[in-house]
Protein chains: 2
Amino acid sequence: MYKNLFKLLLALLLIVSIISCKKGLDQTKKTKPSPKEIPFALVIHGGAGTIKKEFMTPEKETAYTKKLQEALDTGYKILENGGTSIEAVQKTINIMENSPLFNAGKGAVFNSLGKQEMDASIMDGKTLNAGAVAGVSRIKNPIDAAILVKDSTKHVMLSGKGAEEFAKQHQLQFEDESYFYTENRYQSLLRAQEKEGGKVLNKSNSKNKPDFIDEHKKGTVGCVAIDKSGNIAAGTSTGGMTNKKFGRIGDAPIIGAGTYANNITCGVSATGTGEFFIRTLAAHEVSNLIQYKNLSLKQALKQVIHVEIDSLGGDGGLIGLDKNGNIAWDFNTAGMYRGFKKSTGENVIKIYSE
Amino acid sequence: MYKNLFKLLLALLLIVSIISCKKGLDQTKKTKPSPKEIPFALVIHGGAGTIKKEFMTPEKETAYTKKLQEALDTGYKILENGGTSIEAVQKTINIMENSPLFNAGKGAVFNSLGKQEMDASIMDGKTLNAGAVAGVSRIKNPIDAAILVKDSTKHVMLSGKGAEEFAKQHQLQFEDESYFYTENRYQSLLRAQEKEGGKVLNKSNSKNKPDFIDEHKKGTVGCVAIDKSGNIAAGTSTGGMTNKKFGRIGDAPIIGAGTYANNITCGVSATGTGEFFIRTLAAHEVSNLIQYKNLSLKQALKQVIHVEIDSLGGDGGLIGLDKNGNIAWDFNTAGMYRGFKKSTGENVIKIYSE
């Protein structure tokens, strides 16, 4: 009698022990996505920098807020109508590229030779297909060129004249240099050159008020979207750094640094001093922290910005959107132009730190 | 009597069960580095492709083996004399760049316009500093230009004419186009153009025997080293893909794709169809699988090549060296020129799959 009772007890305890052990091991594996409906959504940024309320005029604040809302609405409408996340990212970024308020397309910053060289990239989280252009001039919407590289070549990245010729062959819209020119970006270049030493193209006009985001050489636009099919796409477009060396490539066109999307984790777009985002592979790192360390999107963004980028002395921001439609952002600058809009009804636009 | 015997048995089985469970969990945690002395070592590759014994002549095999050994000996001597891993990587790669046997520097492949555009990158695992050049012509040793970008600019990546002007300002050695030209690479271009359609520059000479590694458009040189201080460096240099579009940037100059080094994990250099290594962030992924999933270097390389790259339809190889001086490589092509040399006395050179 005792013998059978103990045998039973023994068997039970062993089962409990094995189950609890298995549970412990399972916690280190990927958790399965919940079967709940994924909301469609998009999140954008328009650059991070020393954006403080005291530097801002009410007119400027309104202009930025309106343009960010217009960008969000454009992408949202595409998603609402059943469009793909790639298309939503493209058209949302186009709005910001076409506005002189942001350092991308029209209003891109100037390099040390007084030229505008733009970078852009896109990644499709479903297929991991990606496209990028680096150091292109006169292409009205560099993000369109990046998408063209993704869809129409066996390559991921084209640069300089080769990328421009390719864009021409595919009838992308080109504009004269005057289209991209803005006086405040040019004055920013001259001030940067006076400050940083080396060759100075001209004397800056002291009457021209410093544009804080330029003065700190950050500024990029980006968008991450998830569509009704649960496909994530991420894209980034930029003029790079004011007074950058001719030929410098930042993080924006580097897949894994400035842009990354993967349906099993998240999509990410970066803005900031690009070199630090390259050295940390910031966007890919966020995805891996979710996939391999089971961090939430919010925790992963925090780790990359406030630990990894911080420890190298870098600055900037990240926006992200995970496979469940959760949205988060983080930055270690004073502010970041940012916003999101979700099918759950949320619509948020922010500029300053809070 | 029975009661006590079963209690004892029960207790013993539970202890065994708990220990085996703990062991399982421990395997998912980071193993601490052993206090044993880290051997200095280096590992190299000279490209992966359809390298099969039946395609090889004894003379060619000897030439490759001798050159790989010369490269290994050069880097080893630097490490043995207390030099840094960066210097060892540079000088080892220089040997391969200066040899027409490899697709880097002299003997680089031709793009669709019949030009040679080279890429290179370097990363310092101690500081995570990195440098890269993309699409440069006439610079004798592109890896030297990458190191110069790392050390003499605030940037990570310079491309095209901007990178060349920068290299000139720093008195890097330039060579005429004729220095880089090799007849077999040019014939490879013509064959590729005939096969792939589109513009054909000339008719290929059918007497010229196909160079298998070119025909498959792979070929890159790379080196990862760990020095006596335990600092890891990784570098990669390439002419890219035969018949690539003008301006195409592959994985070799992309930090995290073709090259990555981090003292807390490993150093990695890639070779293969670069686009797949960009989309998977192959080199950074290896490091993250070690850091976050506690895979060994060998397991991580296997996962990236045989699961992640394979699933996208990509091909190529990776070499790696971890913080304890362990060396591993993996590839899904028929062969890869490769070798390593360690302070423990091992010296290995291999060409084919085995």
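Brief remarks follow.
- Here B:Ile290 fulfils each of the conditions (1) modelled with pLDDT of 95 or more; (2) open to solvent by 30 Å² or more (accessible area, probe 1.4 Å) apart from (2).
- Note on region B:159-173: among residues that are in a helix (DSSP H, G or I) and under 24 Å from the mean Cα position of the chain (by Cα), the one that is farthest from the other protein chains (Cβ to nearest Cβ) is B:Ala167.
- Just so you know, in region B:103-129 the residues that are in contact with a Phe, Trp or Tyr (Cβ under 8 Å, 6 or more places away or on another chain), at pLDDT below 95 and among the aliphatic types (A, V, I, L, M) include one that is nearest to B:Arg191 (Cα to Cα), and it is B:Leu113.
- Here B:Ala41 meets the list (1) surrounded by 22 or more Cβ atoms within 10 Å (Cβ to Cβ); (2) under 20 Å from B:Gly316 (Cα atoms) almost entirely, failing just condition (2).
- Selection count where residues are part of a strand (DSSP E or B) and polar (S, T, N, Q), scope region A:116-143: 1
- Restricting B:Thr182, B:Thr153 to residues that are modelled with pLDDT of 90 or more and among the β-branched types (Val, Ile, Thr) narrows the list to B:Thr153.
- Among the residues of this structure, B:Gln173 does not count as one that is over 20 Å from A:Asp251 (Cβ atoms) and open to solvent by less than 10 Å² (accessible area, probe 1.4 Å).
- Of all residues in region A:265-273, at least one satisfies being facing chain B (nearest Cβ under 9 Å), under 22 Å from A:Ile93 (Cα atoms), open to solvent by 10 Å² or more (accessible area, probe 1.4 Å) and of a type in the set (Val, Ile, Thr).
- From the list B:Leu72, B:Leu42, the lone residue that is assigned to a helix (DSSP H, G or I) and within 21 Å of B:Pro142 (Cα to Cα) is B:Leu72.
- Residue satisfying condition, being within 14 Å of chain A (Cβ to nearest Cβ) and in contact (Cβ under 8 Å) with a residue 12 or more places away in the chain, within set B:Thr236, B:Thr242: B:Thr242
- Summed over region A:128-154, the residues that are within 12 Å of chain B (Cβ to nearest Cβ) and touching a helix residue (DSSP H, G or I) at 6+ places or on another chain (Cβ under 6 Å) give a count of 9.
- Qualifying residue in region A:295-302 (condition: over 21 Å from A:Asn263 (Cα atoms), among the hydrophobic types (A, V, I, L, M, F, W, C), buried (at least 22 other Cβ atoms within 10 Å of the Cβ) and away from chain B (no Cβ under 14 Å)): no
- Selected residue (criterion: most open to solvent (accessible area, probe 1.4 Å)) from residues of region A:137-152 that are of a type in the set (A, V, I, L, M) and out of contact with any Ser or Thr (no Cβ under 8 Å at 6 or more places or on another chain): A:Leu148
- Selected residue [open to solvent by 30 Å² or more (accessible area, probe 1.4 Å), over 27 Å from B:Ile226 (Cβ atoms) and either assigned to a loop (DSSP other than H, G, I, E, B) or of a type in the set (S, T, N, Q) (or both)] from B:Leu113, B:Leu101: B:Leu113
- Wholly enclosed helices (runs of 4 or more DSSP H) of region A:222-309 bearing at least 3 residues touching a Leu at 6+ places or on another chain (Cβ under 8 Å): A:282-293, A:297-303
- So A:Thr280, is it within 9 Å of another protein chain (Cβ to nearest Cβ), among the polar types (S, T, N, Q) and surrounded by 24 or more Cβ atoms within 10 Å (Cβ to Cβ): yes
- Of the residues making up region A:299-346, those that are out of contact with any Asp or Glu (no Cβ under 9 Å at 6 or more places or on another chain), over 16 Å from A:Ile226 (Cβ atoms) and of a type in the set (S, T, N, Q) are A:Gln299, A:Ser311.
- Scanning region B:88-134 for residues that are in contact (Cβ under 8 Å) with a residue 40 or more places away in the chain and among the basic types (Lys, Arg) gives B:Lys106, B:Lys115, B:Lys126.
- Of the strands (runs of 3 or more DSSP E) entirely within region B:313-354, those holding at least 1 residues that are over 28 Å from B:Lys126 (Cα atoms) occupy B:335-342, B:347-352.
The values are calculated or read from the model by the stated rules, or taken from the named source; none is laboratory data. Because the structure is predicted, anything quoted here is derived from the model rather than measured. Glycine gets a Cβ as well: all are built from the backbone with ideal geometry, and neighbour counts include every protein chain shown. Note: accessible area is taken over every heavy atom of the protein model, side chains too, but ligands, DNA and RNA are not part of it. Shrake-Rupley method; radii C 1.70, N 1.55, O 1.52, S 1.80 Å.
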